[in-house]
Amino acid sequence: MIGEAQTQNTKHMNITTNKMIATILISGLLATPLLAGKADADQKAAERKAKTFLKWDEDGDQQLNKEEFCKMHTSWMEKSGKEAKQKELDNRFKNKDANGDGQVTFEEHFGMPLPK
């Protein structure tokens, strides 16, 4: 009797384990397209940021000097109805210029490499 009960219990555990494994596998399969979609959206967002960043890069060196950076941020602020104050722009530039070389790279500004 005990052996039969253990066998039944083991069968139940195996069925439960198999259901859990199936659920995990199906969840992974369903999540894969969602993750791919997120990656595509992230890539497109990075490309939009790069296009905007490079639009303000007047000398084409793929980084913004202080003047270029301030023009870009002034434009953004004015579009949102805010007044761009020089002191605030100076602080933003200083905070973004991580290595202090007087230039802000795309990576310094957005925390990701410039998309190719």
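The values are calculated or read from the model by the stated rules, or taken from the named source; none is laboratory data. Owing to the predicted nature of the structure, the values given are computational and were not obtained by experimental measurement. Here the Cβ positions follow ideal geometry from the backbone for every residue, glycine too, while neighbour counts run over all protein chains shown. We work out accessible area using only protein heavy atoms, side chains counted, and drop any ligands, DNA or RNA first. Shrake-Rupley method; radii C 1.70, N 1.55, O 1.52, S 1.80 Å.
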Within the range 57-80, how many residues are open to solvent by 60 Å² or more (accessible area, probe 1.4 Å) and among the polar types (S, T, N, Q)? 2
Close pairs (7 angstrom Cβ cut-off, 6 or more residues apart or separate chains): closer than 18 Å to MET112 by Cβ in the range 48-72, open to solvent by 60 Å² or more (accessible area, probe 1.4 Å) and charged (D, E, K, R) anywhere: TRP56/LYS71
Criterion (modelled with pLDDT of 95 or more, assigned to a helix (DSSP H, G or I), under 22 Å from ARG92 (Cα atoms) and out of contact with any Pro (no Cβ under 7 Å at 6 or more places or on another chain)) met by exactly one of GLU58, GLU67: GLU67
